[in-house]
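Here's the structure, in structure tokens; my notes come after.
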Amino acid sequence: MHVIATAGHVDHGKSTLVRALTGMEPDRWAEERRRGMTIDLGYAWTALPSGEQVAFVDVPGHAKFVANMLAGIGPVPAVMVVVAADEGWRQQSEEHLAAVDALAVRHGLLVVTRSDLLDPSLALAEARERIARTTLGEVEAVAVSGVTGAGLEELRAALDRLVGALPAPRVDGDVRLWVDRAFTIRGSGTVVTGTLGAGTLHVGDELELAPGGARVRVRGLESLKRHADAVAAVARVAVNLRGVGVEDVSRGQALVTPGAWPVTAEVDVRISSDSRDVPAEQLLHVGSAAVTVHLRPLGADTARLRLARPLPLRPGDRALLRDPGRHLVTAGLTVLDPRPPALRRRGAATERAAVLAGVGDSPDAAGEVLRRGALRRADLLATGAGDPGDAVVAVGEWYVAPWQWQAWQRALREAVATHAAAHPLEAGLPVEAARRALGAPDVRIVDAVVFGDDTLESSAGRIRARGTASALPPALEGPVAELTNRLRADPFAAPEAGDLAALGLSPQMLAAACRAGRLLRVAEGIYLLPDAVDEAVCRLAELPQPFTASQARQALGTTRRVAIPLLEHLDAQGRTHRLEGAVRTVLPG
């Protein structure tokens, strides 16, 4: 299916034309038919000569209903501009065209109606000239009469050529369906309608209603009055929802793939006019949404918008600003960054403008990462940018810019060296402290930086300079050497706490000596030389097997205070094995 919106001045025959093409009544409300004008959005569809299906979103032309018109044009890829031959180009013709231009619609068709009342050549020439100055460019034009039927076959052929030139939609992309209607059907519950611009909807899909975050499930689908198990873009679709009441859904919300769209109340944008000339208070129209925004200029063509309510937006989204007082289109815009950084310090806005000057109008995966330094994979995919490739460093669920990676490496080396100088007895810089020092978003990034740096190493949650684990601070050499001499003379005479204190060895110093491989901590308060384990096994192996703890104590020439913890240490090392009855045996090897 293809979807085309109408555009044009009130009472120029848009609805009559759609009715003549489709045989359907696009005006849904009795009030519309009574007054002879379209107030809200109408929908009708038909098959073209090629067999292609085309659905029309018939928008109101009256100035009072411009917001409704924008809700209809916003999500569609093509527009049919309608001008009456007997009235020519009028005010709403210009306003509708300005909206089409601001939204950067690039595919369209000009139809001059009421050609039975006046020669259409004058209206046709003026309209084509005006349209050519917009994003539509040169368009095909057809003169018709909705009353006599003249030109309708030529129009159908022109519509076939128009839809044949439309770009192929992304049917495998993330879903974002802007809601333009919400109502209840007895026996079915809540139903919403909209134009599906990308992706595919399936019965049973779980979606998120944004803003709000409510999770809903697709109970049923209907397109062109036919039930379907799946509907692919581009299409007009009605979605029967489970999990939400009709009172909780309104025009301007969107059904989106969960977690795939940044829902934001602040965006950086590029606008089509000088941002400094745009009043601060504006109405933002995007999709079917209309939201009050406050505009803060950044550069000549860039600005930050603060939205009255959040919307699901991605880089590359097109929208327009409208003056809330005069109801005129102020400017078109392109979303550049739906998650912009805070502007807290003096000069930050100017710096931000310089960054945005280098940002393109379409999503750029590598560019996003290079600008931000680091970006979570899920957040990057939510921008619609895809895979950044080899231009960035992939670390688990993160993408990191090379400049940021190198900066983190330098900062980590400095942090490790500073910590070692200030705390020589500690095993190294704690990983969480390293993360804070780097300003990294995840400790796993710190682990990856250590792994990729041959000057650093880590163990037990501490980071240090490679090769320094066995280094003993100079201040400890004397006390540790004295203790070593004592243990050489009596290997299992572990000193009491008072003896250790007399030597000036605090628990932190003893831990440092153990890390350096100069002492072995057998248990709390029990320190021996590292080779005491082998010596103990040799002596115990000479005993009749199995042996008791008392026999072991005598063989080692030590006290029960040392013998029991040492035996338990040997059990844990797999050097001895405790049997039933609290006896042990030395294990081979």
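The values are calculated or read from the model by the stated rules, or taken from the named source; none is laboratory data. Everything quoted here is computed from the prediction, not taken from an experiment. Counting neighbours? That spans all protein chains shown, and the Cβs are built from the backbone with ideal geometry, glycine included.
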Tally the residues that are crowded, with 18+ Cβ neighbours inside 10 Å and assigned to a helix (DSSP H, G or I), restricting the search to the range 432-446.
6
For the range 380-396, what are the residues that are part of a helix (DSSP H, G or I) and more than 13 Å from residue 337 (Cα to Cα)?
381, 389, 390, 391
Considering every residue within the range 217-239, establish whether at least one is over 30 Å from residue 47 (Cβ atoms) and charged (D, E, K, R).
yes
I'd like the residue in the range 292-311 that is under 19 Å from the mean Cα position of the chain (by Cα) and of a type in the set (A, V, I, L, M) and, out of all such residues, is surrounded by the fewest Cβ atoms within 10 Å (Cβ to Cβ).
307
Which residues, counting only those in the range 266-287, are surrounded by fewer than 16 Cβ atoms within 10 Å (Cβ to Cβ) and not hydroxyl-bearing (Ser, Thr, Tyr)?
274, 276, 277, 279, 280, 281
Within the range 355-379, tally of residues that are in contact (Cβ under 8 Å) with a residue 24 or more places away in the chain, of a type in the set (A, V, I, L, M, F, W, C) and in a helix (DSSP H, G or I):
7
Name the one entry in 510, 505, 500, 540 that is crowded, with 17+ Cβ neighbours inside 10 Å, of a type in the set (A, V, I, L, M, F, W, C) and part of a loop (DSSP other than H, G, I, E, B).
505
Residue that is farthest from the chain's Cα centre (by Cα), among those in the range 336-354 that are part of a helix (DSSP H, G or I) and surrounded by 18 or more Cβ atoms within 10 Å (Cβ to Cβ)
353
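Take the range 150-180 and flag every residue that is of a type in the set (Lys, Arg), within 18 Å of residue 6 (Cα to Cα) and either surrounded by fewer than 16 Cβ atoms within 10 Å (Cβ to Cβ) or outside the structural domain of residue 76 (by TED's automatic domain parsing) (or both).
Of the residues in the range 150-180, the ones of a type in the set (Lys, Arg) are 156, 161, 170, 176.
Subset that is within 18 Å of residue 6 (Cα to Cα): 156, 161.
The one that is of a type in the set (Lys, Arg), within 18 Å of residue 6 (Cα to Cα) and either surrounded by fewer than 16 Cβ atoms within 10 Å (Cβ to Cβ) or outside the structural domain of residue 76 (by TED's automatic domain parsing) (or both): 161.
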Quickly run through the range 478-523 and pick out the residues that are free of Cβ contacts under 8 Å to residues at least 40 places away in the same chain and among the charged types (D, E, K, R).
482, 486, 496, 499, 521
Does the range 291-314 include one or more residues that are of a type outside the set (Lys, Arg), touching a helix residue (DSSP H, G or I) at 6+ places or on another chain (Cβ under 8 Å), within 25 Å of residue 196 (Cα to Cα) and in contact (Cβ under 8 Å) with a residue 60 or more places away in the chain?
no
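Residues 521, 539, 515: which one is modelled with pLDDT of 90 or more and either of a type outside the set (A, V, I, L, M) or farther than 30 Å from residue 422 by Cβ (or both)?
Working: 521 fails: modelled with pLDDT of 90 or more; 515 fails: modelled with pLDDT of 90 or more.
Result: 539 is the single residue among 521, 539, 515 that is modelled with pLDDT of 90 or more and either of a type outside the set (A, V, I, L, M) or farther than 30 Å from residue 422 by Cβ (or both).
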Quick check: anything in the range 201-212 within 25 Å of the chain's Cα centre (by Cα), over 20 Å from residue 184 (Cβ atoms), touching a residue at least 40 places away in the same chain (Cβ under 8 Å) and surrounded by fewer than 18 Cβ atoms within 10 Å (Cβ to Cβ)?
yes
What pairs come up if the first residue lies in the range 237-257 and is in contact (Cβ under 8 Å) with a residue 12 or more places away in the chain, the second is of a type in the set (Lys, Arg) and surrounded by 18 or more Cβ atoms within 10 Å (Cβ to Cβ), and their beta carbons are under 6 Å apart, counting only those six or more places apart or on different chains?
254/176; 256/176
Looking at the range 567-579 only, could you name the residues that are touching a Leu at 6+ places or on another chain (Cβ under 7 Å) and surrounded by 18 or more Cβ atoms within 10 Å (Cβ to Cβ)?
575, 576
For the range 108-128, give me each residue that is under 14 Å from residue 13 (Cα atoms) and either in contact (Cβ under 8 Å) with a residue 60 or more places away in the chain or touching a helix residue (DSSP H, G or I) at 6+ places or on another chain (Cβ under 7 Å) (or both).
110, 111, 112, 113, 114
